[in-house]
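**Student:** Here you go, one structure.
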Amino acid sequence: MKILQASSSCLITLLLILPLVFAASSSSEDFDFFYFVQQWPGSYCDTQKSCCYPTTGKPAADFGIHGLWPNYKDGTYPSNCDDTKPFDSSTISGLINSMKKSWPTLACPSGSGEAFWEHEWEKHGTCSESVIDQHEYFQTALNLRQKTNLLGALTKAGINPDGKSYSLESIRDSIKESTGFTPWIECNRGGSGNSQLYQVYVCVDRSGSGLIECPVFPHGKCGTEIEFPSF
């Protein structure tokens, strides 16, 4: 009788614990794909709010990384998934030079970029740590930027950051032709109120290794003709 009672007690305990275990594991694993987002610095700076160059100086006139964001197929996303794994710059010490070039901050006041990277890791990166750790998160984003080469794709199609307007369709098509996948284009408003090319979203599989067609696009729209400002 005592053996049966002990077995029954163990079974009840196990049944109570299992849901908690699965809930804990799913909180960091439960996402469907990544948005990889890059922004054009000329459009970030050409607003009424303006911008501040990093403490290292003016970045190159190229698309910079905004973030690598886990997302769900229904358009929602997880955030701030693990406050026990704060940003630790020592984990990316070998990437810092590349980060400053490819993931520069334009926020005011001027900074080194570390506050920007910390925000991106803690809000978004912690939600992907079941797949990639902190170093891999930043390395993956750097690799994706090189792989997509947005500016190269656009200039090859004759779309240059010269302050002129180009059709949204031609911008989208040139990136799709280069990468093989359909991007989503985000616009913002310039200081004079004009619609301009601001950010480009491409979708990435859960491993962070390959581009995919986006299961869902964010909300928002651009005009049919948008400006590509200089920087």
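The values are calculated or read from the model by the stated rules, or taken from the named source; none is laboratory data. Only a predicted model underlies this, so the values are computations on that prediction, with no experimental measurement involved. Cβ placement follows ideal geometry from the backbone for every residue including glycine, while neighbour counts extend to all protein chains displayed. These area figures cover heavy atoms from the full protein model, side chains too; ligands, DNA and RNA do not enter into them. Shrake-Rupley method; radii C 1.70, N 1.55, O 1.52, S 1.80 Å.
**Student:** Select from segment 135-186 the residues that are of a type in the set (Lys, Arg), in contact with a strand residue (DSSP E or B) (Cβ under 8 Å, 6 or more places away or on another chain) and over 19 Å from Tyr35 (Cβ atoms) and list them in ascending order.
**Tutor:** Within segment 135-186, Lys164 is the sole residue that qualifies.
Residue-wise test of (1) open to solvent by 30 Å² or more (accessible area, probe 1.4 Å); (2) assigned to a loop (DSSP other than H, G, I, E, B); (3) closer than 24 Å to Trp103 by Cβ.
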{"position": "Gly158", "(1), (2), (3)": "yes, yes, no"}
{"position": "Pro161", "(1), (2), (3)": "yes, yes, yes"}
{"position": "Tyr166", "(1), (2), (3)": "yes, no, no"}
{"position": "Asp173", "(1), (2), (3)": "yes, no, no"}
{"position": "Gln199", "(1), (2), (3)": "no, no, yes"}
{"position": "Ser209", "(1), (2), (3)": "yes, yes, yes"}
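**Student:** While we're on this one: How many of the residues in segment 82-139 are among the hydroxyl-bearing types (Ser, Thr, Tyr), touching a Pro at 6+ places or on another chain (Cβ under 7 Å) and part of a helix (DSSP H, G or I)?
**Tutor:** The total comes to 1.
**Student:** A further question on this structure: Considering only residues that are touching a residue at least 40 places away in the same chain (Cβ under 8 Å), more than 18 Å from Pro59 (Cβ to Cβ) and crowded, with 18+ Cβ neighbours inside 10 Å, which ones fall in segment 111-124?
**Tutor:** Across segment 111-124, the qualifying residues are Glu122, His124.
**Student:** For the list (1) part of a loop (DSSP other than H, G, I, E, B); (2) open to solvent by less than 50 Å² (accessible area, probe 1.4 Å), I need the number of the one condition that Lys73 fails.
**Tutor:** Every listed condition holds for Lys73 apart from (2).
**Student:** Right, something else. With the requirement that a residue be within 17 Å of the chain's Cα centre (by Cα) and among the aliphatic types (A, V, I, L, M), what does segment 96-119 give you?
**Tutor:** Met99, Leu106, Ala107, Ala115
**Student:** For segment 39-55, check the following and say yes or no: at least one residue is of a type in the set (Ser, Thr, Tyr) and either under 25 Å from Val204 (Cβ atoms) or not in a loop (DSSP other than H, G, I, E, B) (or both).
**Tutor:** Checked against the condition, which is being of a type in the set (Ser, Thr, Tyr) and either under 25 Å from Val204 (Cβ atoms) or not in a loop (DSSP other than H, G, I, E, B) (or both), segment 39-55 yields at least one hit.
**Student:** Using the structure shown, decide if Glu129 is farther than 22 Å from Ala107 by Cβ and modelled with pLDDT under 95.
**Tutor:** Judged against the criteria, Glu129 is a match.
**Student:** Give segment 175-196 a look and list any residue that's assigned to a strand (DSSP E or B) and under 17 Å from the mean Cα position of the chain (by Cα), or say none.
**Tutor:** Within segment 175-196, Trp184, Ile185, Glu186, Cys187 qualify.
**Student:** Considering only segment 140-174, how many residues are over 18 Å from the mean Cα position of the chain (by Cα) and on the phi > 0 side of the Ramachandran plot?
**Tutor:** Residues in segment 140-174 being over 18 Å from the mean Cα position of the chain (by Cα) and on the phi > 0 side of the Ramachandran plot: 2 in total.
**Student:** Residues Cys127, Cys52, Cys81, Cys108: which one is loosely packed, with under 15 Cβ neighbours inside 10 Å, farther than 26 Å from Leu154 by Cα and touching a residue at least 24 places away in the same chain (Cβ under 8 Å)?
**Tutor:** Checking each option against the conditions leaves just Cys108.
**Student:** For Arg189, are the conditions met, namely being within 27 Å of Ser50 (Cα to Cα) and either touching a residue at least 60 places away in the same chain (Cβ under 8 Å) or among the hydroxyl-bearing types (Ser, Thr, Tyr) (or both)?
**Tutor:** Judged against the criteria, Arg189 is a match.
**Student:** Which of the residues belonging to segment 211-231 are open to solvent by 40 Å² or more (accessible area, probe 1.4 Å), of a type outside the set (D, E, K, R) and not in a loop (DSSP other than H, G, I, E, B)?
**Tutor:** Ile212
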